[in-house]
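Written below as structure tokens is the structure these notes are about.
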Amino acid sequence: MKKLSRRSFSGIAAKGILGTTLLSNMPLAKAFTTKSMNKKLGIALVGLGSYSEHQLAPSLLETEHCYLAGIVTGTKEKEGIWKEKYNLSKKNIYNYDNFDIIAKNDDIDIVYVALPNSMHVDFCIRAAKAGKHVICEKPMAVSVEECDAIINACKENNVKLGVGYRMQSDPYTNEVKKYVKEKTFGDVLFVSSDAGYVSNGNPYQWRLNKSLSGGGALMNMGVYAIQTSIYGTGQNPISVSAQEFSTRPDYFKDTDETITAQFKFANGAVAHMMTSHNANGNRLKCHCSNGWFELDPAHSYGPISGRTSNGDTIEFPFKRQQALQMDDFAKHVLLDTKNIAPGEMGKRDMIIVEAIYKSIAEGGKEQALSLGDLGIVS
Ligand code: NAD
């Protein structure tokens with residue numbers, strides 16, 4: 001029997017041939033399934049900033065189906081520090097200029113892009129062209145056009161694409177989705193969600209620089225409130241109206257400070273979201289025909305906390321969301337399981353972001369959205 005390399009195996013799985021051909025031959029399928037479950041995929045982190053250092057790399061010590069195999073950094077001093085700390089092979093260390101030769105490195109299966117938002121598109125496309133599966137941090141890019149470019153590059157190069165939406169792998173989020181789907185508290189009528197923090201740091205940080213961030217609170221934290229509005233109702237909105245508030249224009253010179261938005265849904269449900277770089281917010285509350293449920297905090301790194309109108313608390317054992325997220329993506333690559341945070345979800349959220357900015361520019365005018373089920377994973 002011809003032995004399949006890891007790469008050809010992933011390629012077959014990516015094409016869906018695993019499901020149709022291999023699974024019809026049970027002993028062979030079992031052999032491949034066992035092999036792939038035992039195999040850990042190598043991840044290379046691109047951009048060794050705060051998120052990679054404090055969340056992604058430590059989480060990769062807890063993952064079952066992937067591990068930290070390499071790094072791509074623009075800061076020479078970080079190479080030796082990370083090599084030593086994570087016992088990395090020298091050949092798996094790249095900089096932004098020589099990154100493309102990663103194509104020849106079989107240790108790296110997945111490239112995880114954790115750079116400032118406006119750099120996602122370039123590095124995701126380069127990773128896809130190098131034949132690597134891609135995880136792109138949120139927000140996926142700074143425009144719908146860029147999201148399309150990433151999605152197309154991954155399709156053309158036959159690699160899988162996931163967005164760094166860690167909450168999609170979180171058990172609390174999935175409990176909420178279950179309540180919505182099973183109508184545990186009746187129909188969801190109104191959703192309220194907040195996602196913000198107070199920014200007081202370096203006024204020259206990239207998050208406050210539109211050319212690097214694409215926008216302010218909305219791009220950074222707003223995507224969480226957009227996501228909660230959608231999984232809190234179980235559907236995409238059909239319209240949005242939005243307002244912007246500026247109280248510290250000297251600090252927020254280039255990017256939005258606080259934004260509120262209201263969504264309408266086809267079944268009559270309504271949602272209100274607030275996102276801010278000048279106020280704390282970390283909450284989801286769903287008001288239903290027979291009670292309510294809420295998460296507060298709703299989207300921090302955990303532990304998340306939840307309650308319902310029955311007097312119950314929602315509780316799950318703590319596990320790093322990023323470990324769950326990267327394992328979910330690795331299983332998607334290895335076993336063709338569902339992609340729970342696909343590129344289309346990132347693009348859908350960017351369509352909403354653009355509609356919110358348009359509504360603000362037009363004095364709060366309601367913007368129709370024709371999203372269908374784009375980005376809905378059930
Ligand atoms: P950070 O500022 O801590 O790190 C940014 C990294 O990019 C640094 O290593 C820096 O050297 C590098 N870089 C390269 N070119 C740069 C430039 N021109 N300007 C500034 N930095 C440059 O940022 P972070 O918090 O690690 O965020 C990185 C990405 O991860 C962002 O897209 C952010 O939205 C995302 N993020 C996601 C989560 C989440 O919970 N999913 C949390 C934090 C950050």
Could you list Ile151, Ile351, Ile226 in order of exposure, starting from the residue whose Cβ has the fewest other Cβ atoms within 10 Å? Ile351, Ile151, Ile226
When Met273, Met140, Met119 are arranged by how many other beta-carbons sit within 10 Å of their Cβ, fewest first, they go Met119, Met273, Met140
Helix 343-361 axis, angle to the chain major axis (alpha carbon atoms, nearest 10°): 30
One finds, for Asn290 and Lys365 with R0 = 41 angstrom and r their Cβ-Cβ distance, a FRET efficiency to the nearest 0.05 of 0.75
Just rank Asp148, Asp106, fewest to most, by other beta-carbon atoms within 10 angstrom. Asp106, Asp148
Computed about the Cα centre, the charge dipole of the chain from +1 Lys/Arg and -1 Asp/Glu charges at the Cβ has a magnitude in debye, to the nearest 20, of 1420
Size of electric dipole in segment 239-304: Cβ of Lys, Arg +1 and of Asp, Glu -1, about Cα centre, debye, nearest 20: 220
Three-way shape call for segment 158-200 based on the alpha-carbon gyration tensor, with the a/c threshold at 1.5: oblate
Cα-based count: Lys pairs in segment 64-175 below 21 Å, eight or more positions apart or different chains? 23
Which whole-number percent is the relative contact order of the chain (Cα, under 8 Å, 6+ apart)? 18
Grab the beta carbon distance between Glu77 and Lys177, set R0 = 30 Å, and tell me the FRET efficiency rounded to 0.05. 0.10
Simple label model, 7 Å out from Cα along Cβ direction - Asp312 to Leu374, nm: 3.5
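Just so you know, all these numbers are worked out from the coordinates, no wet-lab data involved. Just so you know, these numbers come straight off a predicted model, no measurement behind them. Cβ sites come from the backbone with ideal geometry, for glycine too, and all protein chains shown count toward neighbours.
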